[in-house]
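Contents: one structure, followed by commentary.
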Amino acid sequence: MTMMTIRGEPFHVRVEGDANAPALLLSNSLGTNLSMWDPQVAQWAQHFRVVRYDSRGHGRSAAPDTPYSIAMLADDALAILDALGIETAHWCGLSKGGMVGQWLATHHGERFGKVVLANTGAYMGPPESWDARIRNVRENGMAVMVQPTLERWFSPAFRERGTETIARVSEMLATTPPLGYARCCAAIRDMDQRGTIQAIRNPVLVVIGKLDPATPPEAGHFIADAIPGAQRVEFDAAHLSNLEQPAAFSRAVLDFLKG
C-alpha cells in the first residue's frame, strides 16, 4: 500500500506490473475502494502497469467535506498519472469511475489510449433522489446504505452464492467515509454528460449489466450510441459486473485493450 500526496492531499495508490508496460488506470465505483479490482489485477498486471487508487471521498484517500465535481475527480486521476510520470494510460472505470472516464475522454482524450466505461451513465437523475440519499447518510452514517446498496449492486442469485464477495463489498461500503460518500453523491447528482460525450474519439468499450438497476442497460446503450465507434458487451450481472462475472469481465476488457 502506498500513500501519495497529490495536490497537497493524501491518496491511496497501488501500482502493480512491469514498470515498462503500458499503463492502465482503474477507478472505483461509489462506495467502494481500490480493492474492488482484486479479481482483475493479477491477470491484467501480466500485460499492463496497473495503477489503482481510492477515489476522493473513499477508502484511505482524502475525504474533505467540501464540494466535489466530476471534473475534480478527473483532475485527481490526472494528477496521479503526473505524479507517477505516466504520460498516457488506458482507463477502466466502473459506475462513478465510468463517469470520471467519460469526462477524461471528452476533455483530456490525448492522455488516454483505450477507455472502458463499465456499468455507468452519462446522467443520473433525478436530483431529488440524490438529495434524499445525501441527507440520509449525513444524518445516519453509512450503515443505512449497506443493505439497499447490495440489493441494487448484485442479482438475487449472486447474493445467495457469492457470500464472500458480498461480505467484502459490505465492508467496503460500511467503512467508506460518510462525508466523502455524500460529496461524491452530489457530484454525480450535478453531472450531465449526455451532450458532450459525442466528442470522444478514443476507442471505447461500454460494459453493460443486463440485470443492473443502478445504471440500467439503456444507460449503457445511450453512451455506446453517442460515442463514435464505441463497442459494447453485456453480461448477466447487476451493477458490479466485474465482481459478479469476474472471469468474463476480465477477459472482455483484456481482449479490448490488447486488440
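Looking at region 14-41 only, could you name the residues that are in a strand (DSSP E or B) and either crowded, with 20+ Cβ neighbours inside 10 Å or small (Gly, Ala, Ser) (or both)?
Ala23, Leu24, Leu25, Leu26, Ser27
Within region 76-103, restricting attention to residues that are in a loop (DSSP other than H, G, I, E, B) and not aliphatic (A, V, I, L, M), which residue is surrounded by the most Cβ atoms within 10 Å (Cβ to Cβ)?
Ser95
Please name all residue pairs, on different chains or six or more residues apart, with Cβ atoms under 7 Å, provided the first residue is in region 76-97 and is without any contact (Cβ under 8 Å) to a residue 12 or more places away in the chain and over 20 Å from Leu117 (Cβ atoms) and the second residue is in a strand (DSSP E or B) and of a type in the set (Ser, Thr, Tyr).
none
Given the conditions (1) open to solvent by less than 10 Å² (accessible area, probe 1.4 Å); (2) closer than 30 Å to Leu211 by Cα, report the number of the one that Thr106 does not fulfil.
(1)
If you go through region 192-205 one residue at a time, do you hit one that is open to solvent by 70 Å² or more (accessible area, probe 1.4 Å) and closer than 25 Å to Ile134 by Cα?
Yes, there is a match, as at least one residue in region 192-205 is open to solvent by 70 Å² or more (accessible area, probe 1.4 Å) and closer than 25 Å to Ile134 by Cα.
Those residues that are open to solvent by less than 20 Å² (accessible area, probe 1.4 Å) and in a loop (DSSP other than H, G, I, E, B), I need them from region 60-75; list them, please.
Ser61, Ala62, Tyr68
Taking only region 182-213 into account, find how many residues are in a loop (DSSP other than H, G, I, E, B) and either of a type in the set (Val, Ile, Thr) or under 20 Å from Arg152 (Cα atoms) (or both).
6
Inside region 42-59, can you point out the residues that are open to solvent by less than 20 Å² (accessible area, probe 1.4 Å) and in a helix (DSSP H, G or I)?
Trp44
The values are calculated or read from the model by the stated rules, or taken from the named source; none is laboratory data. Because the structure is a prediction, the values reported are computed rather than measured. Positions of Cβ are backbone-derived with ideal geometry, glycine not excepted, and every protein chain shown enters the neighbour counts. SASA here: full protein model, heavy atoms, side chains in, ligands and nucleic acids out. Shrake-Rupley method; radii C 1.70, N 1.55, O 1.52, S 1.80 Å.
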